Amino acid sequence: MNNLDHGWMYDRLDGRGAINSRFITGVNNFILFACSQQNCMSGNNIRCPCTKYRNIKYKDVEMDRYHLLHDGFVKDYFVWKHQGKANLIGEISFGNNLINGAQLELGYDNPYR
């Protein structure tokens, strides 16, 4: 899932107060993604990014789904770093000007080398 395509995360309710179908689909895709990242799980549990647990507690998938549908996502959680999505800032190495392994062309000499 593209980080830029996470607008659904904060569009939980429709005009009638019902849960948006787009939100439900997004939550299901989020759960699938989180479960595919075994290194970010605790057994069969994933961190719950709901407003109550804020990625602090691990919950089973169905409880995680319930919390997200009922309470929504914690504020500004567009990069799913606790579920395995790489944080672009963390991928930048300032010491040698590498971004994802490629030499950064700055167009000037870096005084911090």
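The values are calculated or read from the model by the stated rules, or taken from the named source; none is laboratory data. Here the structure is a predicted model, which means the values were calculated and not measured. Counting neighbours? That spans all protein chains shown, and the Cβs are built from the backbone with ideal geometry, glycine included. Ligands, DNA and RNA are stripped out before the accessible areas are found, and what is left, the full protein with its side chains, is counted by its heavy atoms. Shrake-Rupley method; radii C 1.70, N 1.55, O 1.52, S 1.80 Å.
Between ASP76 and LEU32, the simple spin-label model (points 7 angstrom out along Cα→Cβ) gives 3.0 nm. At the listed q of 0.21 Å⁻¹, the Debye profile of segment 1-69, built from one uniform point per Cα, gives log10 I(q)/I(0) equal to -0.90.
I need the calculated FRET efficiency for the pair ARG22 and ARG54, taking r as the beta carbon distance and R₀ as 22 Å, to the nearest 0.05. Don't jump to the answer; show the numbers that get you there.
On the way: r = 23 Å, r/R0 = 1.05.
Once the sixth-power term is evaluated, E becomes 0.45.
Of the listed residues LYS57, LYS75, the order by accessible area with a 1.4 Å probe, largest first, is LYS75, LYS57. Gain on full extension, evaluated as 0.36 nm per residue between TYR66 and ASN39 minus their Cα-Cα distance, stands at 7.4 nm. Under a 5 Å amide H cut-off, with hydrogens placed 1.01 Å from N, ASN55 pairs with CYS48, CYS50 among residues at least 5 apart or on other chains. Karplus-based coupling profile of segment 19-34, in residue order and whole Hz: 6, 4, 5, 4, 5, 4, 4, x, 4, 4, 5, 4, 4, 4, 4, 4, with θ = phi - 60° in 6.51 cos²θ - 1.76 cosθ + 1.60 and x standing for Gly or Pro.
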